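Participant: What follows is a structure written as structure tokens; I'll ask about it next.
The values are calculated or read from the model by the stated rules, or taken from the named source; none is laboratory data. As the structure is a computational prediction, the values presented were derived from the model and not from experiment. Please note: Cβ atoms are built from the backbone with ideal geometry, for glycine as well, and neighbour counts cover all protein chains shown.
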Amino acid sequence: MCEPVSATMAVMAIAGAGASMYANKETAEFQAKQQGLNTKRANAAALQAYELDTQQLGLAASQELDAAADEKLRLNLDTQKSVSTARAAGAESGLAGYSLDAQIDDFYRQGADNITTLDANLDNAQAGRQLERKSIYNSAVNRQQSFKPYQPSSGVFYTGAALQIANAGTQGYATGKSLQS
């Protein structure tokens with residue numbers, strides 16, 4: 001038969017362990033809820049950062065295209081100016097024929113070479129922006145994946161709680177027994 005002191009000590013230990021487990025469970029649920037809110041905020045911030053990065057990249061691309069168009073216009077004007085100057089100088093000096101035509105062709109070739117170089121640089125810059133866009137996207141995906149909340153298994157919690165309660169009951173009974181002796 002159970003001694004009343006040992007039984008009382010066991011019941012008190014079980015009740016204390018149960019209350020402790022309940023408080024721990026409530027705390028864990030609150031922390032999980034807060035973590036979920038933090039995850040939502042972090043994901044929203046990551047999405048906003050991605051959108052800002054892509055907007056900034058688009059703006060840089062637009063500015064670069066505008067600058068390239070301005071440079072092409074300047075190169076074309078320089079080429080036309082050089083050709084006009086050569087024709088005027090040739091007319092004043094009475095120079096005509098193949099040597100003047102070769103000089104004019106050389107100005108056109110230089111202008112075309114400069115524009116071709118500008119286009120190649122622009123293509124390389126666009127390819128770099130494509131890689132940067134992919135990098136921005138991958139960074140955004142990685143940021144969002146790193147913010148996924150931890151979801152513990154409820155079965156593990158209940159098994160651990162049951163073992164702790166049983167252990168508390170056993171220890172309470174043993175303590176009660178030792179107090180009686």
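Participant: Check Ala45 against each of (1) free of Cβ contacts under 8 Å to residues at least 24 places away in the same chain; (2) over 35 Å from the mean Cα position of the chain (by Cα) and name the one condition it does not meet.
Facilitator: Failed condition: (2).
Participant: Could you pull out the residue among Ala19, Ala67, Ala23 that is part of a helix (DSSP H, G or I) and modelled with pLDDT of 90 or more?
Facilitator: After ruling out the rest, the residue left standing is Ala67.
Participant: Quick test of your reading of the structure: Ala91 fulfils all but one of (1) surrounded by 16 or more Cβ atoms within 10 Å (Cβ to Cβ); (2) among the aliphatic types (A, V, I, L, M); (3) more than 30 Å from Gly128 (Cβ to Cβ). Name the failing condition by number.
Facilitator: Of the numbered conditions (1) surrounded by 16 or more Cβ atoms within 10 Å (Cβ to Cβ); (2) among the aliphatic types (A, V, I, L, M); (3) more than 30 Å from Gly128 (Cβ to Cβ), the odd one out for Ala91 is (1).
Participant: Can you tell me which residue among Ala32, Ala10 is within 24 Å of the chain's Cα centre (by Cα), among the hydrophobic types (A, V, I, L, M, F, W, C) and within 30 Å of Ala166 (Cβ to Cβ)?
Facilitator: Ala32
Participant: A further question follows. From Gly176, Gly155, which residue is modelled with pLDDT under 70 and touching a Ser or Thr at 6+ places or on another chain (Cβ under 8 Å)?
Facilitator: None of the others qualify; the one that does is Gly176.
Participant: Cβ-Cβ under 6 Å, sequence separation 6+ or interchain: first residue in the range 50-66 and closer than 15 Å to Asp119 by Cα, partner surrounded by 10 or more Cβ atoms within 10 Å (Cβ to Cβ) and of a type in the set (D, E, K, R). Which pairs?
Facilitator: Taking only residues 6 or more apart or on different chains, the pairs are Ala61/Arg129.
Participant: Related question: I'm checking my understanding of the structure. Among residues of the range 9-35 that are under 10 Å from Gly169 (Cβ atoms) and of a type outside the set (Gly, Ala, Ser), which one is surrounded by the most Cβ atoms within 10 Å (Cβ to Cβ)?
Facilitator: Met9
Participant: Still on this structure, please answer the following. Can you find, within the range 105-146, the residue that is surrounded by the most Cβ atoms within 10 Å (Cβ to Cβ) among those that are small (Gly, Ala, Ser) and closer than 22 Å to Ala44 by Cβ?
Facilitator: Here the answer is Ala140.
Participant: Would you please list the contacts, defined by Cβ atoms under 8 Å and residues six or more apart or on different chains, that run from a residue in the range 74-99 that is over 21 Å from Ile115 (Cα atoms) to a residue that is not in a helix (DSSP H, G or I)?
Facilitator: Every condition considered, the pairs that remain are Ala89/Leu95; Gly90/Ala96.
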